């Protein structure tokens with residue numbers, strides 16, 4: 001019987017220290033033997049956001065312990081690992097360097113292949129951990145640092161159809177939460193507040209909603225929330241603002257997804273249209289439901305990662321490592337950390353003042 005490939009994945013691109021071990025299942029989705037994630041909420045809470053130096057220090061303190069825990073939970077011997085996959089970018093360089101160097105060290109000591117992974121590609125392939133996802137498909141990646149639509153034709157074959165010209169969706173959620181007095185990381189708690197409010201109470205802007213193709217913009221929405229937050233005098237108004245913000249975000253994502261559907265169908269010929277929604281914001285149940293309903297209406301099959309695999313984790317990094325390993329792709333040990341590493345290298349950089357759509 002052919003040995004099933006085992007991949008060790010490591011993720012330290014921002015404020016999550018994560019180690020995972022997955023095993024190939026021939027003809028089926030892989031098995032997650034272990035998936036250990038350590039959050040740094042308490043480390044950054046008083047600052048209201050991630051402090052890179054503190055995040056890197058926390059990674060250094062935890063990564064060895066997490067690796068040992070992941071190996072123990074997987075019930076395998078470390079020598080059974082076939083390759084080591086570690087996030088090399090994009091992200092905070094001081095954080096990336098911790099996991100990247102740790103992964104290289106393990107690979108070298110075990111004399112196993114080392115595979116450098118693009119964090120965004122991890123999100124792109126994360127549904128392969130819970131579904132038999134096939135190429136090609138349309139991807140909406142919505143996280144704390146990235147918001148973009150991509151046509152995915154295969155491993156390493158990405159065409160960007162649209163991106164944010166300013167802020168990411170997740171960043172807008174976190175900033176709104178902060179303005180409402182919710183402790184960091186507050187984005188996920190917006191959904192709880194929204195359940196208690198009137199989503200039609202405030203009329204909020206939807207920047208570039210009818211122009212710019214499927215590009216996105218959230219800066220104007222954040223500014224409107226800032227202005228209204230200064231007038232709020234009761235908890236009920238906080239709940240109303242959270243609900244109105246979430247509804248506006250849903251409307252923007254749905255409207256722009258419609259445009260992306262048309263762009264995808266013009267660029268890709270396939271018998272079955274698949275729409276993958278991944279990244280931290282994809283864990284928002286209300287957004288999941290709205291995008292699911294839209295997809296079905298527009299004849300696209302919606303696919304999400306499980307909620308626990310939407311935010312940063314190492315299982316998705318190991319998943320990309322497995323795909324690359326099967327194709328014989330590996331990297332040298334001098335592969336550098338890349339703070340910026342777009343999936344579509346040909347796509348224009350669309351951020352900053354003066355962007356024209």
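The values are calculated or read from the model by the stated rules, or taken from the named source; none is laboratory data. Keep in mind that this is a model prediction, so the values were computed, not measured. Using ideal geometry, Cβ is built from the backbone for each residue, glycine included, and neighbour counts are taken over all protein chains shown.
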Residue check for residue 154: within 25 Å of residue 330 (Cα to Cα), out of contact with any strand residue (DSSP E or B) (no Cβ under 8 Å at 6 or more places or on another chain) and assigned by TED's automatic domain parsing to the domain that holds residue 206: yes
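Taking the options 145, 170, name whichever one is in a helix (DSSP H, G or I), in the same structural domain as residue 245 (by TED's automatic domain parsing), under 30 Å from residue 270 (Cβ atoms) and modelled with pLDDT under 95.
Working: 145 fails: in a helix (DSSP H, G or I).
Of the residues listed, the single one that is in a helix (DSSP H, G or I), in the same structural domain as residue 245 (by TED's automatic domain parsing), under 30 Å from residue 270 (Cβ atoms) and modelled with pLDDT under 95 is 170.
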Condition check for residue 162: touching a residue at least 60 places away in the same chain (Cβ under 8 Å), surrounded by fewer than 20 Cβ atoms within 10 Å (Cβ to Cβ) and in contact with a strand residue (DSSP E or B) (Cβ under 9 Å, 6 or more places away or on another chain): no
Among (1) touching a residue at least 40 places away in the same chain (Cβ under 8 Å); (2) buried (at least 21 other Cβ atoms within 10 Å of the Cβ); (3) not assigned by TED's automatic domain parsing to the domain that holds residue 95, the one test that residue 321 misses: (3)
